[in-house]
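A quick write-up on the structure given underneath.
The values are calculated or read from the model by the stated rules, or taken from the named source; none is laboratory data. Note that the structure is a prediction, hence the values are computed from the model and not measured. Glycine gets a Cβ as well: all are built from the backbone with ideal geometry, and neighbour counts include every protein chain shown.
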Ligand code: GDP
């Protein structure tokens with residue numbers, strides 16, 4: 001699962017990426033590794049994992065991860081192949097969610113590509129490039145489906161109608177995610193086409209130090225503009241956090257964070273939000289060898305969760321022993337939870353809950 005960082009040049013994308021990739025900024029349990037210069041795997045900070053570690057005292061701890069891609073170079077005209085436009089758009093297509101960074105700080109020394117700070121215009125510029133690219137996709141698909149529709153193929157006719165709705169929406173400046181479809185149409189025709197503007201999005205307002213908690217007038221404009229998009233708006237002082245990350249001493253970093261009104265780096269919150277945006281949740285396995293956070297889709301069944309560990313676990317799934325995270329912590333150990341009769345045995349239809357501590361029984 002990958003989240004891509006997009007935004008106009010000079011809004012703070014690479015500073016954010018570096019901020020996330022700065023090993024110092026993360027506690028010992030949360031290292032970061034860079035796969036390629038612009039791709040990194042970030043561990044998802046989760047206080048529950050630290051609590052389980054404390055209770056179980058395992059040999060090792062493995063947090064959940066999210067892949068972050070810095071998609072630099074998206075500019076006006078990208079959809080027409082301006083700059084390296086098409087390459088960047090291809091990179092975006094491969095991601096599962098979009099973190100859209102908007103410049104919400106004034107600073108005369110940092111040039112804005114369009115002359116002045118205006119996050120709403122910037123958002124529209126990026127949205128338009130992405131929408132134009134999707135329009136191209138829709139047109140290509142329409143060309144293909146038209147003939148079959150004419151010969152009376154019912155499915156082709158349905159697809160044609162959906163594509164025409166998408167085309168009209170995009171031409172009016174509406175992203176695919178904001179259009180309404182029946183569940184069947186969405187699953188059969190919209191989702192498989194992987195439109196860029198259908199990917200879930202989160203807006204990251206990059207503000208100056210003083211606005212890290214309260215936000216500012218730009219942030220208010222962004223919130224007002226996206227209020228019908230059902231998208232999260234996160235306020236982050238990216239430049240300041242990058243500076244704080246440069247400090248070697250953990251205590252010192254905490255002190256500076258507190259100075260700007262935060263008790264943890266905003267980037268930690270961003271990673272957790274990205275994880276949710278990707279529709280992911282965590283279940284735990286807790287043994288003396290390893291305490292580990294595993295990632296499953298929200299709504300996954302117990303066998304699917306077992307399959308994340310090994311496909312054989314899913315195939316041979318018999319049942320799962322499940323302890324709610326809260327129970328685990330309040331009783332303090334698996335043995336005590338069992339004694340209290342709070343361990344549940346669940347079958348193949350069980351829907352995993354975020355934080356479940358699980359143990360699978362399976363046939364090999
Ligand atoms: P990108 O082109 O979107 O990747 O932008 P960069 O991350 O390279 O940032 C462009 C410039 O803005 C750099 O000089 C950063 O140091 C600076 N910058 C980034 N975030 C902030 C911020 O929150 N406040 C201020 N004042 N400067 C920032």
Task: Check on residue 79, in a helix (DSSP H, G or I) and modelled with pLDDT of 80 or more - done: no
Task: Residues (without any contact (Cβ under 8 Å) to a residue 24 or more places away in the chain and within 16 Å of the ligand (Cβ to nearest atom)) located in segment 40-80 - done: none
Open item on the list: over 27 Å from the mean Cα position of the chain (by Cα) and touching a residue at least 12 places away in the same chain (Cβ under 8 Å): which single residue out of 341, 316, 299 fits that description?
Closed with: 316
Task: Which listed residue is farther than 21 Å from residue 18 by Cα and within 16 Å of the ligand (Cβ to nearest atom), from 235, 226, 222 - done: 222
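Go through segment 127-186 residue by residue and tally those that are on the phi > 0 side of the Ramachandran plot and touching a helix residue (DSSP H, G or I) at 6+ places or on another chain (Cβ under 7 Å).
1
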TODO: Filter segment 2-25 for residues that are on the phi > 0 side of the Ramachandran plot and modelled with pLDDT under 90 and give the result.
DONE: 10
Task: Output for segment 344-364, where each listed residue is closer than 16 Å to residue 281 by Cβ and not in a strand (DSSP E or B) - done: 350, 352, 353, 354, 355, 356
Task: helices (runs of 4 or more DSSP H) (entirely within segment 224-343) containing at least 2 residues that are assigned by TED's automatic domain parsing to the domain that holds residue 49 and surrounded by 13 or more Cβ atoms within 10 Å (Cβ to Cβ) - done: 238-245, 250-259, 266-277
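Assess whether residue 179 counts as being under 24 Å from residue 69 (Cα atoms), within 24 Å of the chain's Cα centre (by Cα) and either surrounded by 15 or more Cβ atoms within 10 Å (Cβ to Cβ) or at pLDDT 90 or above (or both).
No.
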- [ ] Take residue 348 and decide whether it is within 24 Å of residue 54 (Cβ to Cβ), surrounded by fewer than 17 Cβ atoms within 10 Å (Cβ to Cβ) and not assigned by TED's automatic domain parsing to the domain that holds residue 61.
- [x] no
Open item on the list: If I filter segment 96-112 down to residues being in contact with a helix residue (DSSP H, G or I) (Cβ under 9 Å, 6 or more places away or on another chain) and more than 9 Å from the ligand (Cβ to nearest atom), which single residue comes out as farthest from residue 280 (Cα to Cα)?
Closed with: 112
- [ ] Write out, first by first residue and then by second, each pair whose Cβ atoms fall under 8 Å of each other, whose residues are 6+ apart or on separate chains, and whose first residue, in segment 1-15, is in contact (Cβ under 8 Å) with a residue 60 or more places away in the chain and more than 19 Å from residue 41 (Cα to Cα) while the second is within 7 Å of the ligand (Cβ to nearest atom) and assigned to a loop (DSSP other than H, G, I, E, B).
- [x] 9/72; 10/110
- [ ] Could you please tell me which pairs satisfy a Cβ distance under 9 Å, a separation of 6+ or placement on different chains, a first residue in segment 107-126 that is assigned by TED's automatic domain parsing to the domain that holds residue 77 and without any contact (Cβ under 8 Å) to a residue 24 or more places away in the chain, and a second residue that is assigned to a loop (DSSP other than H, G, I, E, B) and within 13 Å of the ligand (Cβ to nearest atom)?
- [x] none
Task: Of residues in segment 247-286 being without any contact (Cβ under 8 Å) to a residue 60 or more places away in the chain and within 16 Å of the ligand (Cβ to nearest atom), the one nearest to residue 306 (Cα to Cα) - done: 269
